[in-house]
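Student: Structure in structure tokens, see below.
The values are calculated or read from the model by the stated rules, or taken from the named source; none is laboratory data. Keep in mind the model is a prediction, meaning the values are calculated, not measured. As a convention, Cβ positions derive from the backbone with ideal geometry for all residues, glycine included, and neighbour counts pool all protein chains shown. Heads up: the accessible areas ignore ligands, DNA and RNA and are worked out on the full protein's heavy atoms, side chains in. Shrake-Rupley method; radii C 1.70, N 1.55, O 1.52, S 1.80 Å.
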Amino acid sequence: MKLSGPLSMLVVLALAACSGSSDQPKLIVLIGIDQFRSGYLIEYDSIFTGGFRRLRDMGARFDHAVVDHAPTLSYPGHTTLATGALPRHHGITSNAWIETLPSGEKRRTFVMQDTTAGILGLPNQAGVSPRNVRVTGIADWARAADPDARAVALSTGPALAQVYGGRALDDESRNHAYWLSAVNGRFVTSTYFRSQYPDWVEQFNSDAMPVLHQNRVWESSVLENHRSVARRDDAPYEGDGVHVTFPHRFEETLDTGDRGADYDPVESDPGPYFSWFFNSPFADEALFALAQIAVTEMQLGQRAATDMLALAVKSVDRIGHDYGPRSQEQLDIVMRLDRLLGQFFDFLDSTVGPSRYVVALSADHGAPNVAEYEMEEGRAGSRVSEQQIAELLADMDDFVAGYEGADDQLAQSMARRLEQYEFVDRAMTPAELEGTGDADPVLAAYRNSYIPGRNTPFPLWTREVLAGRIRDSHPANWGIVVEFAENAQLWTAPSTHMSANAYDRLVPMVFFGGVVRPGVYGDSVRTVDLAPTLARLAGVDFPGSVDGVVLDLGKN
């Protein structure tokens, strides 16, 4: 099932009248959950008791918001939530793109990579910053509205907090973007934002994180009679194919040998443990604990200014990749998140006040079911191996080397050859992507992410590509973007999102608090609408250049 391109709706900007009113919120809370497809809030509705229950009962719900761009990847999706802009305007078109070095060599480069910045406290790690983001976001809008406003962005995903934290200001005390590091198990930031950590972050890292790091076993927290809403727990196509059932233990990931009963692998070498914790549900506990500290220490929402807090939750994506949607592991992480959100909203009620904050929750993209599960159920699905992609790329080497046609027709000829592969649904050329005329649904989505020179080698990945080495004949070097066949899953994980299909593009979007009128809203909306709507709910101005529109959610 393909979705239409740009979706439009008529909106009434009635919320403008709320600006400056006594019930105007003083804290904007934006929660972006990674890989949270629309079905989760519907399929698990009957067993929610915490934050998701509250959002569904008391929020303004759009059950099927559309991610109006492709490829459907994390950094483009989160940046859209934070800025109200499409990737072709905000600049983050993929998680990585091809960079041409002075030597002429092609290299795959992480979109947040910045050689002029560093990771504060980790001098040997590659630097990152949001310099590639071309537009302002809701954190910038809040700070521009009031010089006393404070914005804090936190994430469990690597550097995701940066796209929510906005541009760095000369006043370092107002720069707060921190994310959990898989290298040292602490929350870190970029020197782009700060030259030193505030005391409350340092204390959390030194006091709270060691306690949280005592968790080494992940057991299901879902009640036995609720587990039937997900599929069975022993599917051989999950995880590493061996440790596929609960409980999941850190030690199972190691080959420690016989080193005696007193041997502690974490004390001996904490690196692997930090990586395991980083990919576990316990990372979310750290995120929400730090969020409460931030609200308290920064007095967010407790002053005259309108502050902002953004939380980017990555664990659903990590577990979704490893175990797939509808797995017992995915059910568990969603239910844990339900409880954490409930506790966090209770905390905001008591600390900030129930009428002084407004929340928006959505996702960067959805995800497909594991291909092997689809085939098990008698539906279409396929697994694209690394060998298949390697053979395709070798074929491109030969094709380019032997091409004798007109130079301006090479990309078109290469695209048609790519489409001969069974796992390639279509290959789109720069001429098609740069066009402005009518477009079919798939092409329209990819046009919304296309910027010449910021070409992604995804999904044509091999270990060679992942290591950063890009052949001259790689289709991405010719500006060609590839869409895989429906539910054709990449070799890199059991479930891989990327496409213009509905399973990757439909996500929930919920607004709660302040002047929001609760109910189920049936109108078509896009995730690009979240930032301007949230800003208007808080009485914060935003640029007229945003791609999203303000949704009418105000009380009568």
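Student: What is the magnitude of the charge dipole of the chain about its Cα centre, with +1 placed on the Cβ of each Lys and Arg, -1 on the Cβ of each Asp and Glu, and no other charges, expressed in debye to the nearest 20?
Tutor: 1540
Student: Using the Karplus equation 6.51 cos²θ - 1.76 cosθ + 1.60 (θ = phi - 60°), what ³J(HN,Hα) coupling, rounded to whole Hz, does each residue of the range 67-82 give in order, writing x for Gly and Pro?
Tutor: Values, residue by residue: 7, 8, 7, 8, x, 8, 10, 5, 5, x, x, 5, 5, 5, 4, 7 Hz.
Student: Okay, moving on. In the chain, what percent of the accessible surface is made up of carbon and sulfur (1.4 Å probe, ligands and nucleic acids excluded)?
Tutor: Roughly 48 percent, rounded to a whole number.
Student: In deg cm²/dmol, rounded to 500, what helix-only [θ] at 222 nm does the chain give when every DSSP H run of at least 4 residues adds -39500 (n - 2.57) and the total is split over its residues?
Tutor: Taking each H run of at least 4 residues, the total per residue is -8500 deg cm²/dmol.
Student: Which distance in nm do the two modelled labels at residue 403 and residue 196 give, with both placed 7 Å along the Cα-to-Cβ direction?
Tutor: 5.6
Student: Now a separate question. Calculate how many DSSP beta bridges within the chain are antiparallel, expressed in % of all such bridges and rounded to the nearest 5.
Tutor: 50
Student: How large are Rg and Dmax for the range 71-208 when only the alpha carbon atoms are used, in Å?
Tutor: That works out to 15.2, 48 Å for Rg and Dmax.
Student: Short version: ³J(HN,Hα) in whole Hz for each residue of the range 482-496, in order, from phi by Karplus 6.51 cos²θ - 1.76 cosθ + 1.60 (θ = phi - 60°), x for Gly and Pro, what are they?
Tutor: Running phi through 6.51 cos²θ - 1.76 cosθ + 1.60 with θ = phi - 60° gives 10, 10, 6, 4, 4, 6, 8, 9, 5, 5, 6, 7, x, 10, 10 Hz.
Student: Right, next: Would you please give the residues with an amide H less than 5 Å from that of residue 526, counting only those at least 5 places away or on a separate chain, with H modeled from the backbone geometry?
Tutor: For residue 526, whose amide H was placed from the backbone, the distant partners under 5 Å are 66.
Student: Hey, another quick one. Quick check: convex hull over the Cα atoms of the chain, volume per residue in Å³, rounded to an integer?
Tutor: 158
Student: Separate question: Just report the Cα centroid separation between the range 513-556 and the range 114-129, whole Å.
Tutor: Each part's Cα centre sits 36 Å from the other's.
Student: For the range 262-325, report the translational diffusion coefficient in µm²/s to the nearest whole number, using Stokes-Einstein at 20 °C, 1.002 mPa s, and a Kirkwood Rh over Cα pairs.
Tutor: 149
Student: Can I ask one more? Amide H neighbours of residue 484 under 5 Å, at least 5 residues apart or on other chains, H built in the peptide plane: list them.
Tutor: Amide H to amide H, under 5 Å and 5 or more residues apart or across chains, residue 484 pairs with 425.
Student: Only bridges with both residues in the range 84-229 count here: give the DSSP antiparallel percent, nearest 5.
Tutor: 75
Student: Using only C-alpha positions, report the orientation-averaged shadow area of the convex hull of the range 193-328, nm², one decimal.
Tutor: Taking a quarter of the hull surface, the average projection is 11.9 nm².
Student: Show the residues, 5+ positions off or on another chain, whose built amide H is closer than 5 Å to the amide H of residue 239.
Tutor: Amide H neighbours of residue 239: 323.
Student: Right, next: Residue by residue, what Karplus-based ³J(HN,Hα) values in Hz, rounded to whole numbers, does the range 380-387 have, using 6.51, -1.76 and 1.60 with θ = phi - 60° and x for Gly and Pro?
Tutor: 5, x, 7, 10, 8, 7, 4, 4
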